[in-house]
1. M197 versus T46, label points 7 Å from Cα toward the beta carbon: distance in nm?
2. Using label points projected 7 Å from each Cα along Cα→Cβ, tell me how many nm separate A261 and R14, to one decimal.
3. Can you bin segment 252-325 into rounded, prolate or oblate? Criterion: square roots of the alpha carbon gyration tensor eigenvalues sorted a ≥ b ≥ c, rounded for a/c under 1.5, prolate for a/b above b/c, oblate for the rest.
4. In Å, what Kirkwood hydrodynamic radius results for segment 129-215 from the alpha-carbon pair distances?
5. Between the alpha-carbon centers of segment 253-325 and segment 20-34, tell me the distance in whole angstrom.
6. Segment 74-174: Rg/Rh from Cα coordinates, Kirkwood Rh?
7. Mind checking segment 189-261 for chymotrypsin sites (Phe, Trp or Tyr not before Pro) that DSSP puts in a loop (not H, G, I, E or B) and that have at most 15 other Cβ atoms within 10 Å?
8. Based on DSSP H runs of at least 4 residues, each adding -39500 (n - 2.57), what is the mean residue ellipticity at 222 nm of the chain after dividing by all its residues, to the nearest 500 deg cm²/dmol?
Amino acid sequence: MCKDGRVEELLDARAIQRALTAAHLYYVQDRTMEAIARELGTSRSTVSRLLTQARATGIVDIRIRSPFAAPQLLEENLAERFGVAAHVVPVPDDANEVERLERVSVAAAHLLGDLVGEGMTIGVAWGSTTAAISRRLAPKPAHGTTFVQLNGSGNTHTTGLLYASEILSRFAAAYGGSAQQFPVPAFFDDPRTKSAMWRERSTRRILAMQAAMDLVVFSTGSADSRVPSHVYSGGYLEAQELSSLEAEGVVGDVATVFFRADGSSDGIPLNERATGPRFDVLRAVPRRLCVVSGVSKLASLQGALAAGLATDLVVDEAVARALTE
């Protein structure tokens with residue numbers, strides 16, 4: 001068993017080395033695939049596979065700088081207006097919402113490769129957007145990294161643990177880190193139950209991790225989103241709760257904590273039962289990456305920006321234009 005494992009490890013190391021060599025010859029020395037194939041004693045198709053492997057595993061990090069001013073101007077306008085590091089993703093106007101989410105998620109996953117470092121504690125809010133990002137992460141060793149779930153995921157129909165754990169597990173696997181789940185409901189039935197649970201040592205351990213986060217990754221939830229936000233489509237909210245949120249002027253949520261158009265979250269009854277971190281906890285995190293696709297989430301994104309929840313923003317071009325207009 002040990003011998004077989006050692007052989008597999010050597011084979012993996014050799015494959016990585018060949019991919020690294022091929023990438024260096026192609027991207028740095030500007031050699032053709034035919035020339036690389038001759039040097040490595042292999043075929044052109046094998047060289048192509050090695051280059052694909054180099055991109056997929058993060059050996060090669062391709063960055064495209066557009067010669068056109070529009071995306072850069074949008075990023076500069078967003079930075080000036082909202083005080084965020086903005087990343088605008090080019091997406092055709094006729095793209096559907098699923099395609100739009102896919103492109104934005106790929107860009108966010110690429111950016112995370114720059115933001116994630118060793119020994120960091122990173123909060124992740126479960127949802128449709130972070131699930132899409134988790135499937136596009138490029139492997140990068142970041143030893144000692146801990147990914148902590150921001151809010152509970154259980155409701156009256158399911159524990160939600162599988163859904164949330166799959167997202168966390170993908171993040172942990174991509175960076176060689178560990179995942180810390182938060183096994184509580186998304187919303188307690190009674191605020192007093194939440195208060196009692198928050199006094200438990202096992203819960204306080206997770207809350208302490210959240211208080212020490214270096215980076216947090218989230219999107220904004222919206223009842224009007226064309227790609228349904230999981231908190232609204234997953235059986236978490238009853239009809240009377242939705243009516244209450246509407247009466248309070250709620251435009252969205254971050255990690256199941258709801259807010260109004262001006263970014264305020266105080267006085268919203270459901271927040272007393274929600275398990276997501278308070279906004280003062282989020283604002284204390286040094287880097288806060290908010291990822292949003294589709295103008296149907298515009299109101300919720302504007303509310304989150306008004307609340308000062310983001311330091312870094314990844315959006316598609318249509319959302320960027322709508323924000324600046």
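Every number in this text was worked out from the coordinates using simple rules, so none of it is lab data. These figures come from a predicted structure and were not determined experimentally. Using ideal geometry, Cβ is built from the backbone for each residue, glycine included, and neighbour counts are taken over all protein chains shown.
1. Each label point lies 7 Å from its Cα, and together they span 5.6 nm.
2. The answer from the label model is 6.5 nm.
3. prolate
4. On the way: mean 1/r = 0.0716 Å⁻¹.
Mean inverse Cα-Cα distance, inverted, gives 14.0 Å.
5. 43 Å
6. On the way: Rg = 15.4 Å, Rh = 15.2 Å.
That ratio equals 1.01.
7. Values: sites: W198, F218, Y232, Y236, F258, F259; in loops: W198, Y236.
Those satisfying the criteria are W198.
8. Details: 14 runs with 151 residues, N = 325.
Taking each H run of at least 4 residues, the total per residue is -14000 deg cm²/dmol.
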